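Before any comments, here is the structure.
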Amino acid sequence: MPENPVYILGIESSCDETAAAVARDNTVLSNIIANQAVHKAYGGIVPELASRAHQKHIVPVVDQALRRAGIRKDMIDAVAFTNGPGLIGALMVGSAFARTFALSMGKPVIGVNHLHAHVLAHFARLGGEDGNSPNFPFLCLTVSGGHTQIVKVNSHHDLDIIGQTQDDAAGEAFDKVAKILGLPYPGGPLVDKLAAGGNHEAFEFPQPRMPGLDFSFSGLKTAVLYFVERQQSKETFVRERITDLCASIQHTIVTILMNKMEKAAAQTGISEIALAGGVSANRGLRKALDIMGKKNGWNTYVPPLELCTDNAAMIAVTGYYRYLDGEFSETDEAPFARFERF
Ligand code: KG4
Ligand code: ZN
């Protein structure tokens, strides 16, 4: 452990949030996020528009993160940034900014894997709270817009994937069915909200039969599409039954996820169980984990809402753990679009 506190500037730009944060060790001093409204009209993210919006936001967002933290630029010990996976043009903005900033200050850079950071969000201390982090080894269900993984976390740096989706991610499933129901992008949070007023037993959707600990979500959107198309008037049916539809769809996704977690816990004998990623903000999923945890005697962990969806605090905190191990990146490392390994 270094004698003095370590200050890390974290930068996240993998998708449509431009985010910057400052951490003192694993304590989050600031966590600034600029969302991009430009995509609203398109029903999804337009990569080129995302890159341009990052370019516009990055300097003010970093400036605000430093000011909110009360930290001078020269106090930063290292700059951590997301180097993938994500949209290449978007990642390049954060990566170029981070490396230029670090180079001009004579500080090292730490390229962070976005999915590693979602997991390590569990070690971020927010608002001076002591926090309740999982003990190693733990299982983390990472559910985001682009990925769905069951990760066996052996230490801050040693992570093994033991299950993953073979097609759509859980967040993508939420977003795609929401689109079928005529809801704007991103649909996940809206489905969550509407589901709260509906009956989850109103409709039954098929569950995939996937071997082992892997997932499949692409069949669900097709099932929902055919189901609503079969109704006499799709528009009237969806309008009248939207809360029941959302509750039933959410219940299906949550059941698929939780059944696999139960299997993973039984197979590994691990009873420290965590959620991470954007979909871990879902109230149905959080409640199901709580119920299942009580049933199976698990210790369960969910990140604070602020750290579920994309943020730079998780990047800064992951940077801190990499800093402790002296794991710095070369300044000529290029960002990568697809997840390959931790
Ligand atoms: O982790 P994240 O912010 O970005 C990626 O790394 O992809 O996850 C975004 C995903 C989107 O698909 C969004 O619809 C979903 O998380 N999401 C939710 C909720 N909040 C965000 N899905 C269901 N319920 C929510 N409350
Ligand atoms: Zn993410």
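The values are calculated or read from the model by the stated rules, or taken from the named source; none is laboratory data. These figures come from a predicted structure and were not determined experimentally. No Cβ is skipped: glycine too gets one built from the backbone with ideal geometry, and neighbour counts run over all protein chains shown. Surface accessibility is based on the protein's heavy atoms, side chains included, excluding ligands, DNA and RNA. Shrake-Rupley method; radii C 1.70, N 1.55, O 1.52, S 1.80 Å.
Every listed requirement among (1) touching a Ser or Thr at 6+ places or on another chain (Cβ under 9 Å); (2) part of a loop (DSSP other than H, G, I, E, B) is met by VAL61 save one, (2).
GLY293 meets each of the listed conditions (1) open to solvent by less than 20 Å² (accessible area, probe 1.4 Å); (2) more than 13 Å from ALA78 (Cα to Cα); (3) under 12 Å from the mean Cα position of the chain (by Cα) apart from (3). Sort out which residues of segment 15-36 are in contact (Cβ under 8 Å) with a residue 24 or more places away in the chain, under 15 Å from VAL61 (Cα atoms) and within 15 Å of ligand 1 (Cβ to nearest atom), and write them in order of number. Residues satisfying the conditions are ASP16, GLU17, THR18, ALA19, ALA21, ASN31, ILE33, ALA34. Residues being outside any strand (DSSP E or B), aliphatic (A, V, I, L, M), out of contact with any Cys (no Cβ under 6 Å at 6 or more places or on another chain) and over 23 Å from HIS116 (Cα atoms) are represented in segment 50-58 by at least one member. Listed by position, the strands (runs of 3 or more DSSP E) enclosed by segment 72-190 that each have at least 3 residues that are open to solvent by less than 50 Å² (accessible area, probe 1.4 Å), at pLDDT 95 or above and within 20 Å of ARG286 (Cα to Cα) are 138-143, 148-153. With respect to the conditions (1) assigned to a loop (DSSP other than H, G, I, E, B); (2) free of Cβ contacts under 8 Å to residues at least 40 places away in the same chain; (3) surrounded by 14 or more Cβ atoms within 10 Å (Cβ to Cβ), MET258 falls short on a single one, namely (1). Counting just the residues of segment 52-71 that are among the small types (Gly, Ala, Ser) and touching a Leu at 6+ places or on another chain (Cβ under 9 Å), which one comes out least open to solvent (accessible area, probe 1.4 Å)? That would be ALA65. Only residues that are open to solvent by less than 10 Å² (accessible area, probe 1.4 Å) and either hydrophobic (A, V, I, L, M, F, W, C) or closer than 20 Å to PRO211 by Cβ (or both) were counted across segment 266-282, and they come to 4. Suppose we keep only residues that are within 30 Å of ALA178 (Cα to Cα) and more than 16 Å from ligand 2 (Cβ to nearest atom) within segment 1-38. Which one would you say is least open to solvent (accessible area, probe 1.4 Å)? Checked segment 1-38; the qualifying residue least open to solvent (accessible area, probe 1.4 Å) is ILE32.
Could you please let me know if GLY198 is open to solvent by 20 Å² or more (accessible area, probe 1.4 Å), touching a Cys at 6+ places or on another chain (Cβ under 8 Å) and within 13 Å of ligand 1 (Cβ to nearest atom)? So GLY198 does not fit the description; no. For PRO303, the criteria (1) in a loop (DSSP other than H, G, I, E, B); (2) surrounded by fewer than 21 Cβ atoms within 10 Å (Cβ to Cβ); (3) not small (Gly, Ala, Ser) hold in every case but one, which is (2).
Considering (1) touching a helix residue (DSSP H, G or I) at 6+ places or on another chain (Cβ under 9 Å); (2) over 30 Å from PRO5 (Cβ atoms); (3) buried (at least 17 other Cβ atoms within 10 Å of the Cβ), the lone condition that ASN311 does not fulfil carries the number (2). When segment 1-44 is filtered for residues that are within 15 Å of THR309 (Cα to Cα) and touching a Phe, Trp or Tyr at 6+ places or on another chain (Cβ under 6 Å), only ILE11 remains. Of all residues in segment 223-251, those satisfying the criterion of being open to solvent by 10 Å² or more (accessible area, probe 1.4 Å) and within 20 Å of VAL143 (Cβ to Cβ) are ALA223, GLN250, HIS251.
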